[in-house]
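The values are calculated or read from the model by the stated rules, or taken from the named source; none is laboratory data. Source: prediction; values computed, not measured. Quick reminder, even Gly has a Cβ in these numbers, built from the backbone with ideal geometry, and neighbours come from all protein chains shown. Ligands, DNA and RNA are stripped out before the accessible areas are found, and what is left, the full protein with its side chains, is counted by its heavy atoms. Shrake-Rupley method; radii C 1.70, N 1.55, O 1.52, S 1.80 Å.
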Amino acid sequence: MKDPYEIRILPPAAVSLERGAGGVLGGRIESVHYEELTVYRTFPFRFDEEYISVRNAKGEELGIIRELAGLDQDSREELRRELQFRYFLPRVSRIVSIRLKSDLWLWELQTHLGPTRLAMRNLQDYVQLQSGGRVILSDISGKRCQITDWRSLDGHSRKLLEDTL
């Protein structure tokens with residue numbers, strides 16, 4: 001019987017990824033072909049290209065890719081593209097305003113994709129401070145944005161963030 005807690009590192013030569021019909025990620029893992037594969041970053045998330053969990057269509061983990069750099073170029077590019085789809089977050093470039101109105105925190109932000117607004121019932125459930133100055137913001141509708149490093153924001157944005165948190 002397979003140990004469900006066993007961590008299985010996949011040798012780079014045993015992984016070949018491709019984009020199938022309809023744009024679904026598939027490929028060959030240890031000589032077995034899969035029409036559909038899903039990939040997830042494992043904790044801690046700051047390692048963007050390391051420790052990637054590969055799962056079959058049933059969600060069963062096939063193994064962990066130690067680092068993308070070891071894969072062939074085509075597989076590496078497909079895996080990067082898939083991770084970008086899964087973990088896409090607009091990047092906040094400026095905090096325009098943060099206001100408490102009624103019982104909602106209203107954030108007006110400028111992102112690399114344009115302006116957006118977030119509404120939060122409280123700060124502790126919707127603002128995640130992470131290592132390296134990264135901040136993940138989410139709101140009551142499920143919309144999410146990230147500040148890649150709050151220390152690199154302009155002075156106005158940093159002051160609003162520091163005064164609020």
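Annotations for the structure displayed:
- Selected residue (criterion: least open to solvent (accessible area, probe 1.4 Å)) from residues of the range 1-35 that are closer than 18 Å to Lys58 by Cβ and β-branched (Val, Ile, Thr): Ile29
- Search result, residues across the range 16-54 that are touching a Gly at 6+ places or on another chain (Cβ under 9 Å) and farther than 16 Å from Arg81 by Cα: Ile29, Glu30, His33, Tyr34, Glu35, Arg46
- Within the set Gly22, Gly59, Gly27, the sole residue that is more than 29 Å from Ser138 (Cβ to Cβ) and either part of a loop (DSSP other than H, G, I, E, B) or at pLDDT 95 or above (or both) turns out to be Gly27.
Yes/no matrix, rows are residues, columns are (1) farther than 29 Å from Leu25 by Cα; (2) at pLDDT 95 or above; (3) in contact with a Pro (Cβ under 8 Å, 6 or more places away or on another chain):
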| residue | (1), (2), (3) |
| --- | --- |
| Glu78 | no, yes, no |
| Arg86 | no, no, no |
| Leu109 | yes, yes, yes |
| Arg117 | yes, yes, no |
| Gln128 | yes, no, no |
| Asp139 | yes, no, no |
| Thr148 | no, no, no |
| Lys159 | yes, yes, no |
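- The condition of being closer than 30 Å to Leu165 by Cα, under 16 Å from the mean Cα position of the chain (by Cα) and among the aliphatic types (A, V, I, L, M) holds for only one of Val54, Val92, Val96, that being Val92.
- Any hit, the range 64-71, residues being more than 15 Å from the chain's Cα centre (by Cα), surrounded by 13 or more Cβ atoms within 10 Å (Cβ to Cβ) and part of a helix (DSSP H, G or I): yes
- Flag if Arg134 is within 30 Å of Leu10 (Cα to Cα), touching a helix residue (DSSP H, G or I) at 6+ places or on another chain (Cβ under 9 Å) and among the charged types (D, E, K, R): yes
- Leu109 being open to solvent by 80 Å² or more (accessible area, probe 1.4 Å) and of a type outside the set (Lys, Arg): no
- Residue count for the range 77-104, restricted to those that are touching a His at 6+ places or on another chain (Cβ under 9 Å) and outside any strand (DSSP E or B): 1
- Residue check, Glu82 more than 28 Å from Gly20 (Cβ to Cβ) and not small (Gly, Ala, Ser): no
- For the range 113-165, a residue qualifies if it is open to solvent by 80 Å² or more (accessible area, probe 1.4 Å), closer than 13 Å to Ile95 by Cα and outside any helix (DSSP H, G or I), and the qualifying residues are Pro115, Arg117.
- Yes/no for Ile65 being at pLDDT 95 or above and not hydroxyl-bearing (Ser, Thr, Tyr): yes
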